[in-house]
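The values are calculated or read from the model by the stated rules, or taken from the named source; none is laboratory data. Small disclaimer: the values here were computed from a predicted structure and weren't measured. Heads up, the Cβs are rebuilt from the backbone with ideal geometry, glycines too, and the neighbour counts pull from every protein chain shown. We work out accessible area using only protein heavy atoms, side chains counted, and drop any ligands, DNA or RNA first. Shrake-Rupley method; radii C 1.70, N 1.55, O 1.52, S 1.80 Å.
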Amino acid sequence: MTRVGIIGAGNIAARHADVLSGFPDVTIAGIADTDPHRAEALASKHGAPAYGGHADLLNAGGLDAVYVCVPPFAHGNPERDVLSCNLPIFVEKPLSLDLQTAEMIASEIEQRSLPSAVGHHWRYLDIVQQARDLLAGRPVRLALGHWLDKVPPVSWWLDRTMSGGQIVEQAVHVLDLARLLVGEVTMVHAVPAEEEGSADGPREVRGEVDRATAAVMRFAGGAPGLLATSCLLTRKHRVGLEVCADGIALELSETRLLVDGERVIEDDGQAKMRVDREFVNAVQGKDADVRVPYGEALRTHRLALALARSAVERKPVMLDEHHS
Ligand SMILES: NC(=O)c1ccc[n+]([C@@H]2O[C@H](COP(=O)([O-])OP(=O)(O)OC[C@H]3O[C@@H](n4cnc5c(N)ncnc54)[C@H](O)[C@@H]3O)[C@@H](O)[C@H]2O)c1
């Protein structure tokens, strides 16, 4: 039995706990949350002990791996403590609010040669593999990414200092896919929507996230790209990536691939299971197809942070190709 601990007991932790509980060779060995009621609620569903903080979970011992499912602002200490116990680690995106924290964690994982994975489950969509096959030998010449959605129902999301904003927190899935299908990005220029202030001043002064952003990107292979994000809507409207290559247009969402505007290929719906299964395989020392270990997610995180910085500074940001 592989014994997994979970830090953070919110929405995404519940999803991973459900998937992991469905594996016959995995046990949820304990769940920690700074809100003990949340820890207790999720732990009791899985017959596991609940802890008020991650240190208590780690001190209880007997773990083979740990999932870190905390909000963006809470990354850093949980990962540091998990790694100091020499345990394989699964981390939810985004990796952190800043680059320094994520780089410190990446270097610790590398030094200890520990298995790692990040929750970029889109990489495990079977339609992504089909898109790659359709594009074989045809470099992408244009990429259009979208995340046009509502504000997610978590208390910390609208506060920029807690979530990092929509590009870092949500569109990072689309950016990760763009890096896979198009390549590394060398320049970004993001423009946030300007708005009239309320009585408390403009949203950015109040520390809230931008409600809409448009960005231009340049990929190392020469393709230009666009990214549009908005959280002004009442429901998820358009989330995904379109790419054009010689003689072909592909439109990918989390559920389907549209080829040349007419042929629809539905995804098999197994990506959220595969992302956990492959990590568990790696923990067990088996052949594993972990598509986004921590170091790979760090490259996507750098891109998202560069876009966020560009929007704040109102000017283009160059990405260091040595890091790509
Ligand atoms: N990969 C995906 O598809 C996907 C989907 C949803 C959420 N997420 C990511 O997962 C993260 C969490 O999102 P969520 O919706 O579960 O949020 P949430 O607010 O529902 O849950 C987060 C939990 O972490 C707890 N927490 C905060 N700081 C902590 C700490 N230091 N130690 C232990 N627990 C702590 C909170 O009390 C809360 O219960 C976000 O970064 C989000 O982007 C990823």
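Some points to look at:
- With a cut-off of 14 Å between beta carbons, the residues surrounding residue 266 carry a summed charge of -3, where Lys and Arg count +1 and Asp and Glu -1.
- Mean projected area of the Cα convex hull of the stretch 1-114, taken over all directions, amounts to 6.4 nm².
- √(5λ) per eigenvalue of the Cα gyration tensor, the stretch 37-83, largest first, Å: 18, 14, 9
- Placing a label point 7 Å from the Cα of residue 126 along the Cα-to-Cβ direction, the residues of the stretch 23-60 with a backbone N closer than 20 Å are 23.
- With R₀ fixed at 56 Å, the C-beta to C-beta distance from residue 161 to residue 286 puts the FRET efficiency at about 0.85.
- Residue 51 contributes about 50 Å² of solvent-accessible surface, heavy atoms of the protein only, 1.4 Å probe.
- Karplus-derived 3J(HN,Hα) values for the stretch 232-248, using 6.51 cos²θ - 1.76 cosθ + 1.60 with θ = phi - 60°, are 7, 8, 9, 7, 5, 9, 8, 9, x, 9, 10, 9, 10, 10, 4, x, 8 Hz; glycine and proline are entered as x.
- Convex hull of the stretch 48-125 built on C-alpha atoms - directionally averaged projected area, nm²: 5.8 nm²
- With DNA, RNA and ligands ignored, accessible area of residue 318 (1.4 Å probe; Å², nearest 10): 120 Å²
- Among residues other than residue 193 with Cβ under 9 Å from its Cβ, the summed charge is -2 (Lys and Arg +1, Asp and Glu -1).
- The stretch 219-275 - Rg (one decimal) and Dmax (whole number), Cα, Å: 13.9, 37
- Projected onto its three principal axes, the C-alpha set of the chain covers 53, 53, 38 Å, listed from the longest axis down.
- Theoretical gain in end-to-end length, residue 84 to residue 15 [0.36 nm per residue, Cα-Cα removed]: 22.2 nm
- Over the stretch 65-175, the alpha carbon radius of gyration divided by the compact-protein estimate 2.2 N^0.38 Å works out to 1.24.
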